[in-house]
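One structure is given below, encoded as structure tokens.
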Amino acid sequence: MAWYILRRLLQMIPVFLGATLLIYAMVFLIPGDPIKALAGEKPLTPAVEAQLRARYHLDEPFLMQYLLYLKGILTFDFGTAYSGRPVRDELARAFPITIRLALMAVFIEGVFGIVFGLIAGLRKGKLFDSTMLVASLVIIAVPVFVVGYLAQFVFGVKWGIAPTTVSGKASFAELLLPAIVLGSLSFAYVLRLTRNSVADNMSADYVRTATAKGLGRRRVVTVHILRNSMIPVVTFLGADLGALIGGAIVTEGIFNIPGVGGTLYQAIQRVEPPTVVSFVTVLVVIFLIANLVVDLLYAALDPRIRYA
Amino acid sequence: MRFHRVTALAAAVLLATSLGLSACSSDDAAAADIVTVNGAEPQNPLVPTNTNENMGGRVVDRLFAGLKYYDADGKAHNEMAESIETTDRKSYRITIEPNWKFTDGTPVTAKSFVDAWNYGALGTNAQLQSYVFSPIVGFDEVSAEKPTAQTMSGLKVVDERTFTIELKAPSIDFESELGYAPFYPLPEAAFEDMQAFGQNPIGNGPYKFADAGAWEHNVKIDLVPNPDYQGGRPAKNKGLRFVMYQSFDTAYADLQSGNLDALDTIPSSALSVYKQELGDRAIAKPVAQNQHIGVQSNVPHFAGEEGLLRRRAISMAINREQICEKIFHGTRIPARDFTASTLPGFDGNLPGSEVLKYNPEEAKRLWAQADAIAPWSGRYEIAYNSDGGHQAWIEAVANSVKNTLGIDAIAVPYPTFKNIRDEVNAETIGKSFRYGWQGDYPTMLQFLTSQYYSYSETNNVNYANPEFDRLLDAALAAPTQEESYRLVAQAQTLLIRDMADIPVLDYVAAAGHSDRVSSARLAWNGLFDFENIEK
């Protein structure tokens, strides 16, 4: 078990190196000159331009820039944004907010998706089941920015029962509506996954056995059906946490949440390798950790799964 | 059971990082009295000589007071200057008013100005606005990559309240320019650690930071009135909060729901409806920003007499009125000269300016004349950057040219602004291109010297006319503003005659305010007259 986790953690190193190199190369290939962008339409004196180029290692070849960046990472120095602020500060400010938003979204989609999916699966073919299937199809079909702007307009602007934008506090209450919007798409998938899985397991032998030996319906449903139906759902939720953090860009834009999305968007526009690469790297690490947690959860759900 | 513990630990770590690091506070009770306005994360630390974009600039201008300031109409008034004396527009003797203080309690002296300017000009400090000091004698030595002097020889402190400036050449514009941000003074404390200063600036302006750390990155900056301020633009409100928005759409939603008091840019998605939605809270005002279409003379058919005829023909083939109305819903107005209509001294009826009006018959006639010199071949292309919302109007211009002249005209998108600039600067673009200018300080001369002086680095179309240069020099050395305006008008008449490029439209800022503010006005540059917003 410990060996398994260690091996998985070690595997992250090449993934980390590959991902950063790839992202760095892509940012490097974005056309245009970041120093010219910093100047805007104003002239820059040659001396200032040369100074700035040297300060951000822009006068070095690509591989050298990357190695200098890596060297910094090893000492937890993520470089300096063109604004002169350490990228580390930006990471520490933006990630907690986005992670909170993503966890809230996962919680909402998980709880509602599993409960509604379970009910629908138990009542396969009935009215509730059909309604849920149609409803989830509609939700999947509508893009998240439509849901976002609509929710903002109706609940925020028209009715005034939810904040239209989120402040720096990003409190639980403020994040509720954005989290619902963010979670809505995956909610539909969780619901459908749970529903199908539960419906399949309903006719499984072990359920018939459990019922035959006289267990109460509640126990059959929660311990036998639900537990076994959770494997695909947990896989999805784990992978989704990473995706949600990335996907929060749109939602953060709509609700003006000062998280990863807006910062990353600005950094891409300004062609700032240290900021872009650091943010995406942290996203990659979160994704890897989420996957590891999912794999560990399997054993809790199905004791037959062993780690080697 | 071991894995349960590991799982729990992993989950706990995730939760802790998300919740533990997120503790930060904000005081919403105080927000009721202060005016909330839209902003965005400043690109650079709030150091006047290093702030070259308007999100940082709008804050810096509140925190500092210079020798002059500009009122909402763009007129320059003395702020800290008691007198600015010059006989030749080349040597200036400046006396500042007594008893001004920075918010840390230290006095503002002549040295505060001179030190700040020298800091801004010094090459090794890499200040983005360093070029504004280039007219001063000694700038070249100080601004070199390896400076041969630390201070500009053209700046001399005479006493506590007096200093002198020696310029390389006469400039009437220099005096108006003294209200521009890079010319603000800096306190002693700034030079100890400019990086830290930029995070918590200490100024002498109408406002100051509400507290240390009032700049909550990517969230807001809180300012409160500075009780020690004694200039001509004191704060009429209890404070300003610059709320940083990722998009104007979101800011507009906040304006509608009453979370935002003043928004200086209505998003394009709401332009057609904002006047109905906001009623008398909607604001529209022309500002000092324009859009031109230029072409360099190395493009086939655009050199010499033929090029002149073609540029005039294209200019008269563009239906500016229609584009402004149909595409921009009146948030643009047709250009009437090469500057902008809100600038002091603007005329608008310069001789020959009918070439900027839609006249299809004349356009066809001129085009035919050009064809007589050399027949037209190929197609007429206009480059624009697709990251700046220019597609619609450039396509409309291309269509207008196509329909009027009967030639193949198309809009050519470039991914980013930088792509176009690289090719324009290298003179390899090979087609017409759009560009614009936004005034930093309210003078027509800034627009003209930056863009059409034969040796200016920001001369996009390589316009070179010694007579024009001479007129601009004369306008800069003029004894009075009126005389200067007269010479500027003459210089612009030359631009029109030579059709240096094609001015297309001027901006009209579309803005709005909430019903909790009783008055909010836009200034000449399209920003709010922040000090005078009353709540």
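The values are calculated or read from the model by the stated rules, or taken from the named source; none is laboratory data. What you see is a predicted model; the values in this text were computed from it and never measured. Here the Cβ positions follow ideal geometry from the backbone for every residue, glycine too, while neighbour counts run over all protein chains shown. For accessibility, only protein heavy atoms count, side chains too; no ligands or nucleic acids. Shrake-Rupley method; radii C 1.70, N 1.55, O 1.52, S 1.80 Å.
Below, the figures for the structure above:
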{"read-out": "Residue-averaged [θ]222 nm for chain B, counting only DSSP H segments that reach four residues, each worth -39500 (n - 2.57)", "value": "-9500 deg cm²/dmol"}
{"read-out": "Separation of alpha-carbon centers, segment A:204-263 and segment A:38-66, rounded to whole Å", "value": "48 Å"}
{"read-out": "Inter-chain shielding of B:409-422 (mean C-beta neighbours from other protein chains, 10 Å cut-off)", "value": "3"}
{"read-out": "Pairwise centroid distance, computed over Cα atoms, of segment B:237-308 with segment B:472-535, Å", "value": "15 Å"}
{"read-out": "Whichever lysines have a C-alpha closer than 28 Å to that of residue A:36, once near sequence neighbours (fewer than 8 apart) are set aside", "value": "A:71, B:146, B:168, B:220, B:418, B:431"}
{"read-out": "Heavy-atom accessible area per residue - the protein assembly as shown, 1.4 Å, Å²", "value": "41 Å²"}
{"read-out": "FRET efficiency estimate (nearest 0.05) - Cβ-Cβ, residue B:169 to residue B:145, R0 41 angstrom", "value": "0.95"}
{"read-out": "Solvent-accessible ranking of B:229, A:265, A:149, B:435, largest area first, probe 1.4 Å", "value": "A:265, A:149, B:229, B:435"}
{"read-out": "Spin-label model distance (nm) - residue A:41 vs residue A:5, 7 Å beyond Cα toward Cβ", "value": "5.8 nm"}
{"read-out": "Computed over chain B, Kirkwood Rh from alpha-carbon pairs, angstrom", "value": "25.3 Å"}
{"read-out": "Debye intensity ratio in log₁₀ form over the Cα atoms of chain A, taken at each q of 0.07, 0.14, 0.15 Å⁻¹", "value": "-0.38, -1.13, -1.21"}
{"read-out": "Cα-only radius of gyration and Dmax that characterise segment B:35-225, units Å", "value": "16.0, 49"}
{"read-out": "0 to 90° range, to nearest 10: angle between helix B:417-426 axis and chain B longest Cα axis", "value": "50 degrees"}
{"read-out": "Cα-based Rg / Dmax (Å) for segment B:286-508", "value": "16.5, 50"}
{"read-out": "Accessible area that becomes buried as B packs against A, both chains, 1.4 Å probe, Å², nearest 100", "value": "5000 Å²"}
{"read-out": "Separation in nanometres of the label points that stand 7 Å from Cα toward Cβ, at residue B:392 and residue A:89", "value": "3.9 nm"}
{"read-out": "For segment A:29-139, projected area of the alpha-carbon convex hull averaged over all directions, nm²", "value": "12.2 nm²"}
{"read-out": "Hydrodynamic radius of segment B:44-97 per Kirkwood, over alpha carbon pairs, in Å", "value": "12.8 Å"}
{"read-out": "Nearest-10 value in Å² for the accessible area of residue B:61, using the 1.4 Å probe", "value": "40 Å²"}
{"read-out": "Two-decimal ratio, segment A:28-75, of alpha-carbon radius of gyration to 2.2 N^0.38 Å", "value": "1.29"}
{"read-out": "Sites residue A:196 and residue B:101, calculated FRET efficiency, Cβ-Cβ separation with R0 60 Å, nearest 0.05", "value": "0.25"}
{"read-out": "Stokes-Einstein D in µm²/s, Kirkwood radius over Cα pairs - the protein assembly as shown at 20 °C with 1.002 mPa s viscosity", "value": "71 µm²/s"}
{"read-out": "Computed accessible area, residue A:224, all protein chains, 1.4 angstrom probe, square angstrom", "value": "40 Å²"}
{"read-out": "Zone of residue B:193's modelled label, taken as backbone nitrogen in segment B:47-73 under 18 Å from a point 7 Å along Cα→Cβ", "value": "B:47"}
{"read-out": "Solvent-accessible surface (1.4 angstrom probe) belonging to residue B:95, in square angstrom, nearest 10", "value": "20 Å²"}
{"read-out": "Solvent-accessible surface ranking, highest first, for A:21, B:46, A:301 at 1.4 angstrom", "value": "A:21, A:301, B:46"}
{"read-out": "Cut-off 15 Å, label 7 Å out along Cα→Cβ of residue A:126, residues of segment A:201-218 by amide N", "value": "A:202, A:217-218"}
{"read-out": "DSSP-assigned coil residues among trypsin sites (Lys or Arg not before Pro) in segment B:136-199, each with at most 14 further Cβ atoms within 10 Å", "value": "B:168"}
{"read-out": "Tilt relative to chain A, helix A:62-74 - C-alpha long axis, 0 to 90 degrees, to 10", "value": "60 degrees"}
{"read-out": "Rounded to 10°, Cα long-axis angle of helix B:481-498 versus longest principal axis of chain B", "value": "50 degrees"}
{"read-out": "Net charge of neighbours whose Cβ lies under 15 Å from the Cβ of residue B:494, counting Lys and Arg as +1 and Asp and Glu as -1", "value": "-2"}
{"read-out": "Efficiency of FRET between residue A:217 and residue A:22 - r from beta-carbon atoms, R0 51 angstrom, step 0.05", "value": "0.45"}
{"read-out": "A:64, A:132, B:152, reordered so the largest accessible area comes first (probe 1.4 Å)", "value": "A:64, A:132, B:152"}
{"read-out": "Simple label model, 7 Å out from Cα along Cβ direction - residue A:70 to residue B:230, nm", "value": "6.2 nm"}
{"read-out": "Residues of segment A:120-163 with amide N under 18 Å of the 7 Å Cα→Cβ point at residue A:171", "value": "A:156, A:160-163"}
{"read-out": "Chain lengthening between residue A:204 and residue A:63 when straightened (0.36 nm per residue, less Cα-Cα)", "value": "45.1 nm"}
